[in-house]
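These notes are about the structure you will find just below.
The values are calculated or read from the model by the stated rules, or taken from the named source; none is laboratory data. Computed from a prediction, not measured in an experiment: that's the story for all the values here. Neighbour counts are summed over all protein chains in view; Cβ atoms, including those assigned to glycine, are modelled from backbone coordinates with ideal geometry. Accessible surface is based on the protein model in full, side chains and every heavy atom, while ligands, DNA and RNA are left aside. Shrake-Rupley method; radii C 1.70, N 1.55, O 1.52, S 1.80 Å.
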Amino acid sequence: MTWPTAVDPHRVIEDPVLVVAPHVDDETLGCGGTMARLAADLPIHVLYAADGRLSPSGPDGKPAAEAASLPAIRRAEAEAAMRRRGVPVDHLHCLGLPVGALAAHATRLEAGLRVRSVALAPRSVLAPFRHDQHPDHLAVYRATRAALGGVSGVVLLEYFVYYRYPLLAEKDIRRAVDPRHLLAIDIDPVRDRKRAALDDYPSQVTRYVPWQQRPVLTAPVLDVHCAGPELYV
């Protein structure tokens, strides 16, 4: 299956734009190219749900010794990546909810999204795909749908982060979506900027603490996320 013809995001995305990200860097992985193409012309705001203190986590999956400092570190990384794409730092908003437990804080998550949506009155909202494999991403999708419920004139676009499904024949959940419901955004003019923005997250793309055997996000993973058009449901 081939992807739909990739289009200029200015043709399909209206301002103001709100990007809802479960964790810092999800927005760059899923829609960083789209944001880079729009930022010079449209106001873009980014809302991060989780505080980021578990990435990287300890070798036993528990919080690392660096956990207390990670939220501030990852916020600084996000600011650097946003500057590279032309998004003002004061357009970043953080709910600071516990990473890995967003579903348990669904009420606070939805309330935070609702408050920000009322304040910004976005016409386009970008949020994680409804069948993403990460539970935090699913919680953010559900909360976004609930927060936008009953609001007219808002287009919700679902971006892909964890779209590799090992049990699928083609391993890619995007190929299981009816092409009529897919939107492809052309990121060719900003592909290198998206890849460079991902390198602005050293806590994720390098061996950030001594005991790590590999980065949280390896170079091949990053290259795949920058290879084709950005797809949305």
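Go through the residues of region 86-97 one by one and say whether even a single one is surrounded by 15 or more Cβ atoms within 10 Å (Cβ to Cβ), within 21 Å of Arg193 (Cβ to Cβ) and among the β-branched types (Val, Ile, Thr). Yes: region 86-97 contains one or more residues that are surrounded by 15 or more Cβ atoms within 10 Å (Cβ to Cβ), within 21 Å of Arg193 (Cβ to Cβ) and among the β-branched types (Val, Ile, Thr). Among the conditions (1) over 18 Å from Gly228 (Cα atoms); (2) open to solvent by 50 Å² or more (accessible area, probe 1.4 Å), the only one that Arg193 does not satisfy is (1). Scanning region 83-119 for residues that are basic (Lys, Arg) and at positive phi turns up nothing.
For first residues located in region 1-19 and assigned to a loop (DSSP other than H, G, I, E, B), partners that are of a type in the set (Gly, Ala, Ser) and lie 6+ apart or on another chain with Cβ distances below 6 Å form the pairs Trp3/Ala184; Pro4/Ala184; Ala6/Ala184; Ile13/Ser124; Glu14/Ser124. Could you please find all residues in region 117-136 being among the charged types (D, E, K, R), assigned to a loop (DSSP other than H, G, I, E, B) and farther than 13 Å from Ile44 by Cα? Passing the criteria: Arg130, Asp132.
When you scan region 78-95, do you find a residue that is closer than 29 Å to Arg175 by Cα, assigned to a helix (DSSP H, G or I) and at pLDDT below 90, even just one? Yes, region 78-95 contains at least one residue that is closer than 29 Å to Arg175 by Cα, assigned to a helix (DSSP H, G or I) and at pLDDT below 90.
Applying the condition of being small (Gly, Ala, Ser) and part of a loop (DSSP other than H, G, I, E, B) to region 31-53 and asking which residue is farthest from Leu156 (Cα to Cα) yields Gly52. Taken as a whole, the condition of being under 15 Å from the mean Cα position of the chain (by Cα) and surrounded by fewer than 16 Cβ atoms within 10 Å (Cβ to Cβ) does not apply to Pro128.
Is it the case that Leu231 is touching an Asp or Glu at 6+ places or on another chain (Cβ under 9 Å), touching a residue at least 12 places away in the same chain (Cβ under 8 Å) and open to solvent by less than 30 Å² (accessible area, probe 1.4 Å)? So Leu231 fails the test.
Of all the numbered requirements in (1) touching a residue at least 60 places away in the same chain (Cβ under 8 Å); (2) open to solvent by 20 Å² or more (accessible area, probe 1.4 Å); (3) within 14 Å of Thr28 (Cα to Cα); (4) acidic (Asp, Glu), Asp186 misses one, and that requirement is (3). In region 16-51, of all residues being under 18 Å from Asp186 (Cα atoms) and touching a Lys or Arg at 6+ places or on another chain (Cβ under 6 Å), the one that is surrounded by the fewest Cβ atoms within 10 Å (Cβ to Cβ) corresponds to Ala39. Looking at region 99-116 only, could you name the residues that are assigned to a loop (DSSP other than H, G, I, E, B), open to solvent by less than 50 Å² (accessible area, probe 1.4 Å) and either among the hydroxyl-bearing types (Ser, Thr, Tyr) or in contact with a strand residue (DSSP E or B) (Cβ under 8 Å, 6 or more places away or on another chain) (or both)? Within region 99-116, just Val99 meets the criteria.
Listed by first and then second residue, the pairs with beta-carbon distance under 8 Å, at least 6 apart or on different chains, first residue in region 99-116 and under 14 Å from Leu47 (Cα atoms) and at pLDDT 95 or above, second open to solvent by 50 Å² or more (accessible area, probe 1.4 Å) and part of a loop (DSSP other than H, G, I, E, B), form an empty list.
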